[in-house]
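First comes the structure, then the notes that go with it.
The values are calculated or read from the model by the stated rules, or taken from the named source; none is laboratory data. Worth saying up front: this structure is predicted, and the values here are computed from it rather than measured. Heads up, the Cβs are rebuilt from the backbone with ideal geometry, glycines too, and the neighbour counts pull from every protein chain shown. Side chains included, ligands, DNA and RNA excluded: accessible areas come from the protein's heavy atoms. Shrake-Rupley method; radii C 1.70, N 1.55, O 1.52, S 1.80 Å.
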Amino acid sequence: MKPGRFAYHAPRELDEALALLKEHGDEAKVLAGGQSLMPMLNFRLAQIEHLIDINRLGGGLDAPRLDAGRIVIPALVRQRQVERSAEMARALPLLTSALKDVAHPQIRNRGTICGSLAHADPAAELPSVMTALDATFTIASADGVRTLGAADFFLFHLTTALEPEEILLEVAVDRLPDGTYSAFQEFATRHGDFALAAVAVTCGLDDAGAVTGCRVVAAGVAPTPQRLTAVEELATGRRLDEALLGEVAAAARDEVDPTSDIHASAMYRKRLTGVLVKRALADVGTQQEAAHA
Amino acid sequence: MPENRDGHRISVTVNGTVREEMVDDRLTLADFLRERLRLTGTHLGCEHGVCGACTVLVDGDAVRSCLMLAVQSDGARIETVESLAEDGRLNTLQEAFKRNHALQCGFCTSGFLMSVTAALREGPIGDEQRAREVLSGNICRCTGYTGLVKAVLEADAERKDTAR
Ligand SMILES: Cc1cc2nc3c(=O)[nH]c(=O)nc-3n(C[C@H](O)[C@H](O)[C@H](O)COP(=O)(O)OP(=O)(O)OC[C@H]3O[C@@H](n4cnc5c(N)ncnc54)[C@H](O)[C@@H]3O)c2cc1C
Ligand code: FES
Ligand code: FES
């Protein structure tokens with residue numbers, strides 16, 4: 001199908017974009033990569049009066065900024081751009097490894113990191129990654145700028161704290177300290193499909209291999225990325241040995257309460273989450289061994 | 001309903017030729033190519049990004065032309081399947097598709113050819129696993145993919161031969 005009628009705007013300046021959003025608010029949508037919005041417009045699942053294309057905005061919104069302590073990804077950074085960057089792979093291996101599971105190259109060539117976060121599909125990879133990394137979301141409107149953490153940004157199925165007149169300007173994460181590792185695990189029926197379940201982990205290990213602290217986040221099993229706090233508590237202070245991996249798998253299975261759909265039953269998703277948590281933590285352990293070898 | 005009555009003037013390079021056209025707000029790049037420029041080699045299957053039939057290259061990157069607006073292509077360089085043949089003869093990749101029966105009805109073929117073209121330009125594809133990954137963003141309802149995988153690996157090998 002074809003999209004319904006709308007007026008297309010391509011502002012060159014952020015202020016202009018924000019003014020348009022303030023004026024048209026509820027009747028407008030921001031267009032970033034278009035890889036989720038265009039399908040909805042083509043199917044007429046979304047009908048809008050004004051499309052505010054942010055792709056022509058200047059101001060360096062298309063380049064990640066890598067500082068000593070912090071990595072900032074502005075609104076127009078494409079998924080493929082990050083995936084291809086050796087510098088980003090060193091700085092944020094968790095994001096690079098998750099991106100390979102986001103759709104196909106043809107989609108990632110246009111799709112943006114921030115667009116995926118703003119879209120907030122429960123089965124999407126990047127919201128769980130940003131939750132595991134404890135990211136900060138910078139949100140702009142004509143009235144000013146505010147920041148939110150991941151827990152306050154993702155509210156529900158396809159719903160974030162973004163108001164209609166706001167733009168997600170950038171997402172920022174701190175570099176992981178030495179001795180903190182990360183891993184991403186996903187299962188999808190076909191490579192590139194949305195995850196049946198996925199798990200993103202960051203985990204600090206001391207020299208003896210004991211967990212000093214971790215964040216374990218599951219996707220595809222709840223309306224938003226779900227932190228598995230019982231798993232985190234169970235693992236903290238323990239070594240990542242076979243016994244612990246077995247326990248975390250069981251704990252993860254118990255902690256999630258997914259729904260059944262055409263793709264998989266709730267029970268299948270529970271078990272899958274357990275397996276993925278186990279694999280992700282095992283991967284973290286292997287990384288430490290390799291680093292010390 | 002608001003719509004810019006006069007449309008937007010765009011200047012876009014399609015298969016090496018600069019085209020200056022007026023386009024409506026909601027015209028997709030796919031429909032612009034097919035209906036305005038009559039480049040009907042680009043096909044439309046699902047119109048929501050899933051099947052890959054509409055894949056074209058925009059500034060060298062393979063993208064879904066059903067998910068881009070024509071007005072967004074202003075200033076861009078577009079390559080469609082019509083650009084592949086050289087002097088009226090099939091290119092190496094197209095020949096490999098033909099030899100390996102990588103198509104039956106042909107509906108999906110232009111999208112596959114453009115996706116694989118972009119992948120080959122990036123560097124060697126190498127093995128079957130990688131070939132399958134390169135193909136995974138496009139759907140074929142006829143071939144069963146075996147011929148497609150063979151064609152990609154053959155074109156990959158030939159590319160290496162000529163690069164040497
Ligand atoms: C075939 C196919 C398969 C896919 N598979 C996957 C997958 O496996 N995993 C996955 O995670 N995703 C998948 N996607 C979605 C893809 O990753 C999208 O690129 C992403 O969800 C949206 O990013 P975008 O830049 O294209 O945003 P758009 O489509 O432009 O926008 C999406 C939504 O976010 C809003 N928005 C975008 N950017 C901003 C901003 N900066 N500020 C405020 N609002 C904004 C828009 O208004 C819109 O509501 C798939 C898409 C397709 C077509
Ligand atoms: S028609 Fe564009 S992906 Fe199917
Ligand atoms: S050859 Fe018929 S769909 Fe691929």
| request: Considering only residues that are among the hydroxyl-bearing types (S, T, Y) and within 16 Å of ligand 3 (Cβ to nearest atom), look in the stretch B:29-80 and name the one that is surrounded by the most Cβ atoms within 10 Å (Cβ to Cβ). | output: B:T55
| query | Is the stretch B:102-121 home to any residue that is exposed (fewer than 13 other Cβ atoms within 10 Å of the Cβ) and within 14 Å of chain A (Cβ to nearest Cβ)? | reply | yes
| task | Could you grab the pairs with beta carbons closer than 8 Å, sequence gap of 6+ or different chains, first residue in the stretch A:130-150 and over 16 Å from A:V199 (Cα atoms), second one open to solvent by 30 Å² or more (accessible area, probe 1.4 Å) and assigned to a helix (DSSP H, G or I)? | result | A:A140/A:L14; A:S141/A:K22; A:A142/A:D15; A:A142/A:A19; A:A142/A:K22; A:D143/A:K22
| request: Looking only at the stretch B:27-77, count how many residues are in a loop (DSSP other than H, G, I, E, B) and within 15 Å of ligand 1 (Cβ to nearest atom). | output: 12
| Would you pick out the residues in the stretch B:122-157 that are within 14 Å of chain A (Cβ to nearest Cβ), touching a residue at least 60 places away in the same chain (Cβ under 8 Å) and open to solvent by less than 10 Å² (accessible area, probe 1.4 Å)? | B:G137, B:N138
| task | May I ask you to list the residues in the stretch B:134-160 that are within 12 Å of ligand 3 (Cβ to nearest atom) and more than 18 Å from B:L90 (Cβ to Cβ)? | result | B:L135, B:N138, B:I139, B:C140, B:R141, B:C142, B:G144, B:Y145
| request: Mind listing whichever residues of the stretch A:83-133 are within 14 Å of chain B (Cβ to nearest Cβ) and of a type in the set (A, V, I, L, M)? | output: A:L99, A:V102, A:A103, A:I107
| field | Evaluation of B:C66 against (1) under 30 Å from A:Q47 (Cβ atoms); (2) out of contact with any Cys (no Cβ under 6 Å at 6 or more places or on another chain) (one fails), failing number | value | (2)
| query | If we only count strands (runs of 3 or more DSSP E) wholly inside the stretch A:115-209, which ones have 2 or more residues that are out of contact with any Pro (no Cβ under 6 Å at 6 or more places or on another chain)? | reply | A:136-141, A:144-149, A:167-174, A:180-187, A:197-205
| request: Would you mind finding the one in A:E170, A:E186 that is open to solvent by less than 60 Å² (accessible area, probe 1.4 Å), in the same structural domain as A:V284 (by the TED database) and out of contact with any Lys or Arg (no Cβ under 7 Å at 6 or more places or on another chain)? | output: A:E186
| request: May I ask you to list the residues in the stretch A:249-267 that are under 23 Å from the mean Cα position of the chain (by Cα) and touching a residue at least 24 places away in the same chain (Cβ under 8 Å)? | output: A:A249, A:A252, A:E255, A:V256, A:D257, A:P258, A:H263, A:A264
| Is it true that A:T224 is assigned by the TED database to the domain that holds A:V275, touching a helix residue (DSSP H, G or I) at 6+ places or on another chain (Cβ under 8 Å) and in a loop (DSSP other than H, G, I, E, B)? | yes
| query | Just a yes or no: is a residue in the stretch A:200-219 more than 20 Å from A:P93 (Cβ to Cβ) and crowded, with 18+ Cβ neighbours inside 10 Å? | reply | no
